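Down below is the structure, laid out as C-alpha cells.
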Amino acid sequence: MSTTMTVRLEDDVKDRLDQLAQATHRSKSFLASEAIREFVETNEWQIGEIQAALIEAEAGEFASEHDVQAVAKKWRVNAG
C-alpha cells in the first residue's frame, strides 16, 4: 500500500531530480520515495543507537580509562 504526499523542493533540487530520473530511467516519484525511505531508516537507526547509549550511560556502563586509551592508541598507530 502507498499514499500520495506533496513535497516542496527548491528549483535547483527539482532540476537535479529531473536529470537523475532521466539518467536512471526511473520516475521522480520512485527516486524521491527511495530517498525518503533511506533517510527515515538512517535516522531511525541513529535515534535508536542514541537512546540505547543513553540507557547505558544512565546505568553507568562506560568504557574504562584503559579501554579509551587502548582505542586512542590504535587510532594513532593506524593514522600514522
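Coordinate-derived values only; no laboratory data. Everything quoted here is computed from the prediction, not taken from an experiment. As a convention, Cβ positions derive from the backbone with ideal geometry for all residues, glycine included, and neighbour counts pool all protein chains shown.
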Placing +1 on the Cβ of each Lys and Arg and -1 on the Cβ of each Asp and Glu in the chain, which of Leu9, Ala23, Ala52 has its Cα farthest towards the positive end of the resulting dipole? Ala23
Would you mind telling me which residue in Gln22, Gln46, Gln69 has the biggest mean-square fluctuation in a Gaussian network model of the chain, where springs connect alpha carbons within a distance under 10 angstrom? Gln69
Given bins 5 angstrom wide, list per bin the percent of all Cα-Cα distances in the range 11-79, short to long. 3, 14, 11, 11, 10, 11, 9, 8, 10, 11, 2
Let's see if you can work this out: charge +1 on each Lys and Arg Cβ, -1 on each Asp and Glu Cβ, no other charges. What is the dipole magnitude of the chain about its Cα centre, in debye to the nearest 20? 380
